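This report refers to the structure that appears directly beneath it.
None of the figures in this text is laboratory data; all of them are computed from the coordinates on show. Here the structure is a predicted model, which is why all the values come from computation and not from measurement. FYI the Cβ positions are ideal-geometry reconstructions off the backbone, even for glycines, and counts take in every protein chain you see.
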Amino acid sequence: MAAQALIVIDVQNDFCPGGALAVSGGHEIVPLVNRLIEDFDHVILTQDWHPAGHSSFASTHTGKQAFGTVELPYGTQTLWPEHCVQGTPGADFHPDLVWTKAEMVVRKGFRSAIDSYSAFRENDHTTPTGLAGYLRERGFGRLTLAGLATDFCVAYSALDARAEGFEVTVRMDASRAIDLGGSLDAMVGKMRDAGVTLA
Ligand code: VGL
Ligand code: ZN
């Protein structure tokens, strides 16, 4: 059976209460994520990592509000408050996350013009992050995902991982959602249809 890895998605200060794009209850998952990190032999982290003035920030577009949308060359992009700016405390991992064991940290969203929810492919659905190749080269075929946010970065990562041929389990108990306009239900449906195991 193929080796397995845990992928901890974006457990960063800005996605926790008090942060710029706080996910309700985001900090609650940290003890459970720490237990998963202990239980898995191989751990990979992702880190949302935007330059200032990123195209996904509402403040970059005159007259636009956070949680609205904008048309970018690759399609409709949801606009967010400024969050996870490279090198800022908001972009740091939650202080209680025990991340030292991580073998790899994948940073995403570092291109000004393209957002990246997924740890595999940016929001143009074309530009790869390199994670699929890394996982295949290391022989990982089974992935468990947990983190923030269930209906954005976790879900898009899970769907792309399935499309890349990995077996995927999402630990719903160790994830929390933004739930913007029914996005949680919609993404849960898509994950089920794609053969993602929701645990
Ligand atoms: C995320 C919105 C913007 C996430 C990242 O980690 O789910 N959501 N950037
Ligand atoms: Zn982001």
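Taking each DSSP H run with n ≥ 4 as -39500 (n - 2.57) and averaging over every residue of the chain yields -5500 deg cm²/dmol at 222 nm.
The value of relative contact order for the chain, using C-alpha pairs under 8 Å at least six residues apart, is 25 percent. Under the shape rule built on the C-alpha gyration tensor, where the axes satisfy a ≥ b ≥ c, segment 66-163 is oblate, since a/c reaches at least 1.5 while a/b does not exceed b/c.
With a ≥ b ≥ c taken as the square roots of the eigenvalues of the C-alpha gyration tensor of segment 136-199, please select rounded if a/c is under 1.5 and otherwise prolate if a/b is larger than b/c or oblate if it is not? Prolate is the answer for segment 136-199, as a/c is 1.5 or above and a/b outweighs b/c. Considering only H42, H61, H83, the mean-square fluctuation computed in a Gaussian network model of the chain, springs between alpha carbons under 10 angstrom, is largest for H61.
Phi angles across segment 132-144 convert, under the Karplus curve 6.51 cos²θ - 1.76 cosθ + 1.60 with θ = phi - 60°, into 3J(HN,Hα) values of 4, x, 4, 5, 5, 4, 8, x, 7, x, 10, 10, 10 Hz, Gly and Pro given as x.
Would you mind checking which residues have amide H under 5 Å from L145's amide H? H placed 1.01 Å from N; only 5 or more apart, or other chain. Correct list: I7, T169, V170, R171. For segment 107-120, putting each phi into the Karplus relation 6.51 cos²θ - 1.76 cosθ + 1.60 with θ = phi - 60° gives couplings of 9, 9, x, 8, 8, 3, 8, 10, 7, 9, 7, 6, 6, 9 Hz, in residue order, rounded to whole numbers and with x for Gly and Pro. Restricting attention to segment 1-150, close to 25% of DSSP beta bridges with both partner residues there are antiparallel. Placing one identical point scatterer on every Cα of the chain and ignoring solvent, what is log10 I(q)/I(0) from the Debye formula at q = 0.09, 0.10 Å⁻¹? Those come out to -0.29, -0.36, one per q.
3J(HN,Hα) couplings calculated from phi for segment 30-36 with the Karplus curve 6.51 cos²θ - 1.76 cosθ + 1.60 (θ = phi - 60°) are, in sequence order, 4, x, 5, 4, 4, 5, 4 Hz; Gly and Pro show x. Rounded, prolate or oblate, given the Cα gyration tensor of segment 124-166, with a/c below 1.5 counting as rounded? Oblate is the answer for segment 124-166, as a/c is 1.5 or above yet b/c matches or exceeds a/b. Only Lys, Arg, Asp and Glu carry charge here, each on its Cβ (+1 for the first two, -1 for the last two); on that basis the chain has a dipole of about 260 debye about its Cα centre.
Under 5 Å between amide hydrogens, built in the peptide plane, is the criterion, and for T69 it picks out L79 among residues at least 5 positions away or on other chains.
Proximity of backbone amide H atoms, modeled 1.01 Å from N, is registered between D124 and no other residue at under 5 Å, excluding neighbours fewer than 5 places apart on the same chain.
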